[in-house]
1. Quick check: is even one residue across region B:146-155 more than 26 Å from residue A:29 (Cα to Cα), in contact with a Ser or Thr (Cβ under 9 Å, 6 or more places away or on another chain) and more than 14 Å from chain A (Cβ to nearest Cβ)?
2. Need the failing condition index for residue A:116 against (1) assigned to a loop (DSSP other than H, G, I, E, B); (2) surrounded by 17 or more Cβ atoms within 10 Å (Cβ to Cβ), just the number.
3. Sort out which residues of region B:115-145 are in contact (Cβ under 8 Å) with a residue 24 or more places away in the chain, more than 16 Å from residue B:457 (Cα to Cα) and facing chain A (nearest Cβ under 8 Å), and write them in order of number.
4. Scan A:53, A:76 and give me the residue that is touching a Leu at 6+ places or on another chain (Cβ under 7 Å), surrounded by 14 or more Cβ atoms within 10 Å (Cβ to Cβ), among the hydrophobic types (A, V, I, L, M, F, W, C) and at pLDDT 95 or above.
5. For region B:397-411, check the following and say yes or no: at least one residue is under 30 Å from residue B:84 (Cα atoms), more than 20 Å from the chain's Cα centre (by Cα) and in a loop (DSSP other than H, G, I, E, B).
6. Considering every residue within region B:356-370, establish whether at least one is within 22 Å of the chain's Cα centre (by Cα), at pLDDT 95 or above and more than 27 Å from residue B:109 (Cβ to Cβ).
7. Kindly evaluate residue A:239 against the criterion of being within 13 Å of the chain's Cα centre (by Cα) and part of a helix (DSSP H, G or I).
8. Can you report the number of residues in region B:288-339 which are within 14 Å of chain A (Cβ to nearest Cβ), at negative phi and of a type outside the set (Lys, Arg)?
Amino acid sequence: MLPGIALFTFFLWVPLLQSVRMSFYRTVNIELVEFVGLQNYISIFGRQEFQQALRNTFVYTGWSLLIGFLVPIFLALVIGETLRGRGFFRTAAYLPNILPGLAAMILFSRFFSAEPTGVINIIMSWIDRGPFTFLTETNMVIPIIVLVSTWRGAGATALIYMAGLAGINPELYEAATIDGAGIFRRIRHITIPAIFNLGSTLLILQIIAVFQIMYEPMVLTAGGPDNASLSLMLYMWNLAFSGVMDMGRASAVAVITALILLCFTALYSFVNKRRTEWE
Amino acid sequence: MKKWFAFLALLCVALFLTACGDGGGTQGSQGPTAPGGELPSEEVLYEIADIAVDVVNPYLTATITLGNWPPDTAPAAELALFDGFRDIMRRQFPNVTVVPAFFSYTLTSYLPMALGGTAPNLFQPPFTDPQLLINQGLVADVTDALAEFGLLEKFSPAYVDLLGHDGRLFGLPRDGYVLGMHINVDLFREAGLVDEEGLPLIPTTLQEVAEKGRIIREETGAAGLVFPASETFGGWLFTNIAWNFGATGEHAMQYQDANGNWRANFTSPPMVEALYFMRALRWDYDILNADATTTDWAGSHNILGTGRAAMNFAANDAVAEPTAGRGLPVDSFALVPFPAGPVNAYALTGGTAFMFAPQTTHDQAIAILHFLEIIGVLPVITDDTVAAMRAGAISARDRGVPVLPPIPAWADEDFIAQQRAIANEFSNVDMRLFNDFFDSLVDGRVALRGEEPMFTQQMYRDLTAAIQRIITRENADVFTALQQAEDRFQEFLDDMVNR
């Protein structure tokens, strides 16, 4: 137990508490120079860039729920219903995950390039369409980034759902089939209730992950155009490492993000507890 | 069976991904082979062989880590040059160990290394960063080492301000740069924009950039101008454009008010006109590269070097990027003055410094200065330093880098004259494509101007956002975009300096 506590202390708790402490100080690189109370927080909340990053991060989350939450379930269900080559499809779904994240983003930056040499524009030129300027459209840039993240991460999540699906007693399906239930009714009355708790947990984990989205917009758009894809974490990184070195305010952004996520987690725990009580 | 199939599929993908890598490790183990397999130039080796290798100081003991060392995949001539320099250092100072570091400075990569004590002793930041690094305590004070080498009196006063604080110095200049315009001559020829001698008809004003850019777009399909409008690059270049529209003096984009507070001023008439000009480049003349908002500095050189754009606002210190770096032959490349605007003809000037990681000791600094002397970048003229400078010029020529006269970094006429003589001797370009750039600095056609004083990187970031809005939304309001950028930067100034 002692090694575990030591590791957690060194790698998790101390940096975490240091970051909270730093957010109350004026800093020179990582040195704490002067206690400023809540000044960093007040200053951050007043900045337009922070407000936009906060809005964008919620938009990221919304799109990821719309695109990213359902795709793995759909994948798991389709692969689960597949009779032949299930192993192949399971492997194929997971493959994008073995690509390093940055490499995947660089790959997609070429894919979505607005130049005629962009892969999608080449394909579109075959049917005399385009060229399209995907990553320069302020209203398209976040959905595209979410789409790319989903492409990379959906397979791994689908595997977890498949594990959940494997735990369902096959006799339930057999009984339902004998009673005349088709695929959609089996999914609705057996599968979905069985994976509901798993889905709830993965939902909150997904929100936590998407709230910390950073390298995807950093590589694909650098937060642009006109800050349209700037996320909270990217804004934090800009404050800390991109020409200002304002670690105090960067820590304040990190703490604000953590507090928002704590609220989400508390809400999830509350709803989950109430649901368990009802059941 | 299925498991085996899945395993084989994964193996195939892993092998495929490995094959897609650049193979750097394998190439490195085969020794100094250049792209295309060229051998090191014998001339380089000959010049280096001329440098004395007698022991200079057997007592100086230090291990020095030197950033910007050419990687194993660099051209053979460059590798041979640096290996030769290291060998000379080892013979002249037998107790000094040179450790090559392939680190190429960026602020974001340097910070964690400096804070963690792993930054190379020597690194090369642009002049935008020294004051930030000095104020944050992330560089070593090398005043005493510079004094021992007699370099203090050769410092230009402007560089003392850039690299010093409270009478102490934290680095030395490597070279200067002046912003101009890189030209892909082939695209000008293809568009018919050449005179009777076959030389490109270069735009001298911003308006001509727009007009000739449109002709190039129509005639060749390539972008007239590549404009990197991502991160902070757009704001950086836009600053020079705005100066030439008159955003100086009473319309300066930053100023101190009567109370000493710093004010952002992005909504002056010249700034608005300059952003309208950017708007016209995109929506009226349609000469910009399609990916402008995701194009960075390196990307812009890539686009020009590979013939996808004809013009790029860039400086003399980056001429290797589109040529040797991207394969554009030196006779298809020109460097011309930054185009004048309706009011002014300014060109941004800056440079690159040699700076020292915070853990660097006095002995390490001395050893590093000896190494810099050996490679011929200190204002010291001896047979050895001249041989090193000649070897450097030959190496550049052999790699396909235009060998050009330098922008002086030191106040030392003899050293400058020596640098120019060597550049002339090994020139590999048609100087008619470059003379205008260098002449304009002397005859006053272009006035040099340093960067704005306060938090320029943040200012560039905010201006870049305004540019991005204008070039991605046809109906975006120019004044509103500038107003929002000004508000953002003012908030920042109020937070950081007007407290």
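1. Taking region B:146-155 and keeping what is more than 26 Å from residue A:29 (Cα to Cα), we get B:146-155.
Checking the rest, the ones that are also in contact with a Ser or Thr (Cβ under 9 Å, 6 or more places away or on another chain) come to B:152.
Filter once more, so that each one left must be more than 14 Å from chain A (Cβ to nearest Cβ): B:152.
Yes: region B:146-155 contains one or more residues that are more than 26 Å from residue A:29 (Cα to Cα), in contact with a Ser or Thr (Cβ under 9 Å, 6 or more places away or on another chain) and more than 14 Å from chain A (Cβ to nearest Cβ).
2. So residue A:116 meets the others, but not (2).
3. Within region B:115-145, B:137, B:138 qualify.
4. From the options A:53, A:76, the qualifying one is A:53.
5. Yes - at least one qualifying residue is present in region B:397-411.
6. Scanning region B:356-370, I find no residue that is within 22 Å of the chain's Cα centre (by Cα), at pLDDT 95 or above and more than 27 Å from residue B:109 (Cβ to Cβ), so the answer is no.
7. Judged against the criteria, residue A:239 is not a match.
8. Residues that pass the stated criteria total 18.
The values are calculated or read from the model by the stated rules, or taken from the named source; none is laboratory data. Here the structure is a predicted model, which is why all the values come from computation and not from measurement. Glycine gets a Cβ as well: all are built from the backbone with ideal geometry, and neighbour counts include every protein chain shown.
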